[in-house]
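Here's the structure we're looking at; comments come further down.
The values are calculated or read from the model by the stated rules, or taken from the named source; none is laboratory data. None of the values given here were measured: they were computed from a predicted structure. Note: ideal-geometry Cβ built from the backbone for every residue, glycine included; neighbour counts use all protein chains shown.
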Amino acid sequence: MQQVTVELGDRSYPVQVGAGLLARNTALLELAEGRSVAVITDTVVDRLFGDVLAAGLQAVAHRLIRIVLPPGEGTKSWESMNRVFDNLLESRFDRNSLIVALGGGVIGDLAGFAAATYQRGIDFVQLPTTLLAQVDSSVGGKTAINHPRGKNMIGAFHQPRLVIADTETLASLPSRELAAGLAEVIKHGAIADAGYLDSVAGKMPELLAHDPVALADAVVASIRIKAEVVARDERESGARALLNFGHTFGHAIEAGAGYGKWLHGEAVGTGMVMATDLSVRLGYLGADDLARMKSVIGDAGLPLQGPPWPLERYLSYMSIDKKASHGVPKFVVLRRIGEAQVQKVDSELVAGAIAAHVAPG
């Protein structure tokens, strides 16, 4: 097992990475001992890992319930939140209770938001089971549900007490889900470490083949980058916004297509292509840098072109992005591979970056 600490003073917490950590984890059992514990998961993950997790928790928890939701992005809704709250209230969960999020980013975001708001905030633990959740969404305390007009628009910052990334769960991922997680791996290299991006590119065959060593190395390296950024800027007032590289374009694709039609990582992959193109148009990067990014994104099995929509549709969804100011979006661009910044950009340059990477209608 390897461990990375997210340094946030008295709210610091460990992120544990290793194989077989769901079966019996000392840190998790210590947190759960004597408490009412709700495991929130989805039907697919519950079938694969629910019993393994419950076996350990059952022995130490005062009460254990499992709240099993449908899989998919559509679950990040008020309807699902109310289902969670109904279960917690019916089981008389109090402020000393513990929520355990077992699943991918959808479950982690929703369960974290439930923990942030139930009785004004209770403890929760992240047990991410997808690559995307392990390298990105489970770390940093962002919790949210979606609104039809925008992704992750309703949420709160609420840090977990513990994150456990069991790399054995990645063996169950379909190739499309694995590729979606690689988008966030690529993002971390693009914004913070060019050498890491080169390493990911070189190990792409092993990563796509579910090689456990390559995947574990990528998870730990990405978590280290994200933990350092979160420690500097917990609530995204500055440096943390850099983690949204590709997301302004990507969230527009997700929302415009209808949640779930494009996986988050797929939309971010295409969004990173557009954002890199924008960086070229701003004069920061050269054509060879764009080719390099397209190569690694394409090799990961991610789409390089967005849906064949008119420009106005992209811009409409981008105008309600969380980074927008008075309806004008800001963009994370690359000064060079491995160094990013946030800035406002002329709309003509944005239009050009989108148009260059839209699929034929």
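Structural remarks
- Among the residues making up region 237-261, those that are without any contact (Cβ under 8 Å) to a residue 40 or more places away in the chain and surrounded by fewer than 24 Cβ atoms within 10 Å (Cβ to Cβ) are SER237, GLY238, ALA239, GLY258, LYS261.
- Of all residues in region 47-84 being in a strand (DSSP E or B) and in contact with a helix residue (DSSP H, G or I) (Cβ under 8 Å, 6 or more places away or on another chain), the one that is farthest from LEU263 (Cα to Cα): LEU64
- Residues of region 322-342 satisfying the condition of being at pLDDT below 95 and either more than 29 Å from GLY155 (Cα to Cα) or of a type outside the set (A, V, I, L, M) (or both): LYS322, LYS323, SER325, HIS326, GLY327, PRO329, LYS330
- Across region 147-178, the qualifying residues are those that are of a type in the set (Gly, Ala, Ser) and closer than 29 Å to ALA115 by Cα, and the one among them that is surrounded by the most Cβ atoms within 10 Å (Cβ to Cβ) is ALA165.
- Count of residues meeting criterion [out of contact with any strand residue (DSSP E or B) (no Cβ under 8 Å at 6 or more places or on another chain) and either of a type in the set (Gly, Ala, Ser) or in a helix (DSSP H, G or I) (or both)] in region 244-263: 6
- Of everything listed in (1) within 21 Å of THR129 (Cα to Cα); (2) touching a residue at least 12 places away in the same chain (Cβ under 8 Å), the single unmet condition for ASP211 is (2).
- Candidate set: region 7-46, residues that are in a helix (DSSP H, G or I) and among the small types (Gly, Ala, Ser); chosen: the one nearest to ALA218 (Cα to Cα): ALA27
- Of the residues examined, SER279 is one that is more than 21 Å from the chain's Cα centre (by Cα), more than 26 Å from PRO205 (Cα to Cα) and in contact (Cβ under 8 Å) with a residue 40 or more places away in the chain.
- Taking first residues from region 130-146 that are in the same structural domain as ASN244 (by TED's automatic domain parsing) and partners that are surrounded by 24 or more Cβ atoms within 10 Å (Cβ to Cβ) and not in a helix (DSSP H, G or I), no Cβ contact under 9 Å between residues at least 6 apart in sequence or on separate chains turns up.
- Scope region 291-315; condition farther than 13 Å from GLY246 by Cα, assigned to a helix (DSSP H, G or I), under 22 Å from the mean Cα position of the chain (by Cα) and aliphatic (A, V, I, L, M); matching residues: VAL296
- Taken over region 26-49, the criterion of being over 23 Å from ALA114 (Cα atoms) and touching a strand residue (DSSP E or B) at 6+ places or on another chain (Cβ under 6 Å) is satisfied by no residue.
- All positions within region 204-240 that are farther than 20 Å from VAL4 by Cα and touching an Asp or Glu at 6+ places or on another chain (Cβ under 8 Å): MET204
- Annotation for region 89-98: no member residue is small (Gly, Ala, Ser), outside the structural domain of ALA183 (by TED's automatic domain parsing), surrounded by fewer than 21 Cβ atoms within 10 Å (Cβ to Cβ) and in contact with a helix residue (DSSP H, G or I) (Cβ under 7 Å, 6 or more places away or on another chain).
- Every residue from region 130-177 that is of a type in the set (Ser, Thr, Tyr) and either at pLDDT below 95 or outside any loop (DSSP other than H, G, I, E, B) (or both): SER137, THR143, THR167, THR169, SER172, SER175
- Meets criteria (in contact (Cβ under 8 Å) with a residue 40 or more places away in the chain, more than 28 Å from LEU208 (Cα to Cα) and of a type in the set (Val, Ile, Thr)) for VAL350: yes
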